[in-house]
Amino acid sequence: MKTQERLFSYCLSLIMIATIFFSCNRTTVKSSGNGSSIDTLKKSEWFHEAKFGLFIHWGLYASLAGEWNGKTDYGEWIQYSANIPGIEYEKIAKKFNPVKFDAKAWVTMAKQAGMKYIVITTKHHEGFCMFDSKLTNYDIVDATPYGKDPMKALSEECKKQGITMCFYYSVKDWHHPEYPVKYTYFSKEHPEGFHGFPNSEADYQKYFTYLQGQVKEILTNYGPVGIIWFDWSGSAFNKNEIMNRQRAQSLVDSIHKWQPLCLINNRLGGIGADYGTPEQEIPGGKQNTAFEVCMTLNNHWGYNKNDNNWKSSKEVIYNLCDIASKGGNYLLNVGPTAEGLIPEASQKILKEVGAWLSLNGEAIYGTTSGGPSVRWNSDIKMITAKPGTFYLHLFNWPTDNKIYLNDFERKFEKAYLLADLEKKSLKTDVHSHGIMIHLPETPLDSINNVVVVKFEDVNKESK
Ligand code: H79
């Protein structure tokens, strides 16, 4: 192909890709109140830029630290899994006193880890509210000796440090008597579901009014909120639950009014969804719609004092790059103790991830999926991209110190190692359909060496 023809076919494929991308992502949501419309793509800009966030699971379950009657493998589901009646579980609140909670330390830790947003549990399935709610006394201000609202302190600190505050809210609720047991989880242990205060007369409308009121509280009392992160609720929103789907839609309309820029995840039956939420798994390939993988650092979301099955920082960095190379975000969890401390082991891992990001963040933040733009001679095919740039992530240094890019039908400019502060150009042999990049004999980074490949940005040229 002549250069001109190649340019033309390249532009054409770019237009096609852009069309697919926009038709997948560009949904327009209407704020029912003022008639204004804000499209998902615009609202999501910060989210795509951010790439890495901190998930925090913190609730009464932290007090039990994963243990009940000699069994030690519980987490935030402990009330369900250990079958603890509501009356007994409520007692935990009377002793919940996280005096070591330090919003500044938590946010600083997230920031140093290179995380750009925090999603914290305002209420998990246990139903206990970690924020000051006027709609119940079962909250941290009214029911515990602590008597303060950690969400207030955290949102203020996030604002100070430039981190986006986001709230998790569980639809499922084992404490509220109007939450129907039929929407809880059915398992071998609980074939009919589980509730701390089972009520055969439960009226979902009453519960939904409560939920709507609480969502209003968390979205109107704490300043700007980046994401409202709903969690699953059994079959409450399946296609047969028409009334519930209508309720969810009206809630979504209200959210758009209360916080027009707040993103909504896809766990309100997918209604109002701005993005998808794979849990504990990374999609197999590049995705055409926005997503965020949430994952634990050990085996539990909530604090478990016996769980030492920590991921290594290398594993976390690998996952972060893998997810970014597929176009998604990584939401990584910590489970603070009842005293309000984030486990040392979690902090250590996050510090190491932050150190890698401080040198290599350019290959993550604000990137899009780079694959499968080129093929290359490595087992790992992680590529992130920005206009005119590919970032090749090398977790294994090639034994012959060479990488070869096939199908590189772009005008190559230069290649260098991201960790090389001088950006010294690497020796390259440019062939008709590919390039050979010669690497130094020893890697600069012990975890992941990023090779930056610069080429002519056709888009920029045609502007
Ligand atoms: O908050 C975290 C989980 O508690 C929550 N979502 C993440 C972000 C979640 N809700 N439902 N599920 C996850 C799926 C259900 C998992 C279960 Fe089990 C399997 C419930 C009972 C068996 C894992 C093992 C939890 C308890 C025992």
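The values are calculated or read from the model by the stated rules, or taken from the named source; none is laboratory data. Nothing here was measured: the structure is a model prediction, and the numbers come from that model. Counting neighbours? That spans all protein chains shown, and the Cβs are built from the backbone with ideal geometry, glycine included. These accessible areas exclude ligands, DNA and RNA; they are computed on the full protein's heavy atoms, side chains included. Shrake-Rupley method; radii C 1.70, N 1.55, O 1.52, S 1.80 Å.
Being more than 12 Å from PHE194 (Cα to Cα) and in a loop (DSSP other than H, G, I, E, B) is the filter here; which residues of the stretch 160-175 pass it?
The answer is GLY162, ILE163, VAL171.
State yes or no: is VAL353 touching a residue at least 12 places away in the same chain (Cβ under 8 Å), within 14 Å of LYS454 (Cα to Cα) and crowded, with 17+ Cβ neighbours inside 10 Å?
no
Given the structure, is LEU357 of a type in the set (A, V, I, L, M, F, W, C), part of a helix (DSSP H, G or I), touching a Gly at 6+ places or on another chain (Cβ under 6 Å) and at pLDDT 95 or above?
Against the criterion (of a type in the set (A, V, I, L, M, F, W, C), part of a helix (DSSP H, G or I), touching a Gly at 6+ places or on another chain (Cβ under 6 Å) and at pLDDT 95 or above), LEU357 qualifies.
Please work out which residue is farthest from the ligand (Cβ to nearest atom), limiting yourself to the stretch 301-352 and to residues that are aromatic (Phe, Trp, Tyr) and within 27 Å of TYR74 (Cβ to Cβ).
Once the filter is applied, the top-ranked residue is TRP310.
Somewhere in the stretch 95-116, is a residue more than 16 Å from the ligand (Cβ to nearest atom), among the small types (Gly, Ala, Ser), at pLDDT 95 or above and over 26 Å from the mean Cα position of the chain (by Cα)?
No: zero hits.
Output the residues belonging to the stretch 50-75 that are in contact (Cβ under 8 Å) with a residue 40 or more places away in the chain and either part of a helix (DSSP H, G or I) or more than 22 Å from GLY226 (Cβ to Cβ) (or both).
ALA50, LEU60, TYR61, ALA62, SER63, ALA65, GLY66, GLU67, THR72, ASP73, TYR74, GLY75
Among what's in the stretch 272-294 and is in contact (Cβ under 8 Å) with a residue 40 or more places away in the chain and among the hydrophobic types (A, V, I, L, M, F, W, C), pick the residue that is nearest to the ligand (Cβ to nearest atom).
If we take residues in the stretch 272-294 being in contact (Cβ under 8 Å) with a residue 40 or more places away in the chain and among the hydrophobic types (A, V, I, L, M, F, W, C), then CYS294 is nearest to the ligand (Cβ to nearest atom).
Of the residues in the stretch 200-238, how many are within 16 Å of the ligand (Cβ to nearest atom), among the aromatic types (Phe, Trp, Tyr) and in a loop (DSSP other than H, G, I, E, B)?
2
Mind listing whichever residues of the stretch 133-154 are open to solvent by 10 Å² or more (accessible area, probe 1.4 Å) and either among the β-branched types (Val, Ile, Thr) or touching a residue at least 40 places away in the same chain (Cβ under 8 Å) (or both)?
LYS134, LEU135, THR136, TYR138, VAL141, ALA143, THR144, PRO145, TYR146, LYS152, ALA153 - these are the residues of the stretch 133-154 that are open to solvent by 10 Å² or more (accessible area, probe 1.4 Å) and either among the β-branched types (Val, Ile, Thr) or touching a residue at least 40 places away in the same chain (Cβ under 8 Å) (or both).
Hey, does the stretch 149-159 have a residue that's within 19 Å of ILE228 (Cβ to Cβ), within 16 Å of the ligand (Cβ to nearest atom) and not hydroxyl-bearing (Ser, Thr, Tyr)?
No, because not a single residue in the stretch 149-159 is within 19 Å of ILE228 (Cβ to Cβ), within 16 Å of the ligand (Cβ to nearest atom) and not hydroxyl-bearing (Ser, Thr, Tyr).
For the stretch 168-183, does any single residue satisfy the condition of being more than 16 Å from the ligand (Cβ to nearest atom) and polar (S, T, N, Q)?
no
Regarding the stretch 69-76, can at least one residue be identified that is more than 11 Å from the ligand (Cβ to nearest atom), closer than 22 Å to LEU297 by Cα and either at pLDDT 95 or above or open to solvent by less than 60 Å² (accessible area, probe 1.4 Å) (or both)?
Yes, that holds for at least one residue.
Which residues, counting only those in the stretch 251-261, are under 10 Å from THR40 (Cα atoms) and crowded, with 17+ Cβ neighbours inside 10 Å?
none
Please indicate, with yes or no, whether at least one residue in the stretch 314-326 is buried (at least 17 other Cβ atoms within 10 Å of the Cβ), among the aromatic types (Phe, Trp, Tyr) and free of Cβ contacts under 8 Å to residues at least 40 places away in the same chain.
no
Please give the strands (runs of 3 or more DSSP E) falling wholly within the stretch 369-463 in which 2 or more residues are over 31 Å from the mean Cα position of the chain (by Cα).
402-406, 412-417, 428-430, 435-438
Being within 24 Å of the chain's Cα centre (by Cα) and within 16 Å of the ligand (Cβ to nearest atom), is that true of even one residue in the stretch 239-251?
No - not one qualifying residue is present in the stretch 239-251.
For the stretch 325-354, enumerate the residues that are in contact with a strand residue (DSSP E or B) (Cβ under 6 Å, 6 or more places away or on another chain) and outside any strand (DSSP E or B).
SER325, LYS326, GLY327, GLY328, ILE342, SER346
Scan the stretch 184-199 for residues that are away from the ligand (no atom under 12 Å from the Cβ), over 13 Å from TRP77 (Cβ atoms) and of a type outside the set (S, T, N, Q) and report the count.
Of the residues in that region, 5 qualify.
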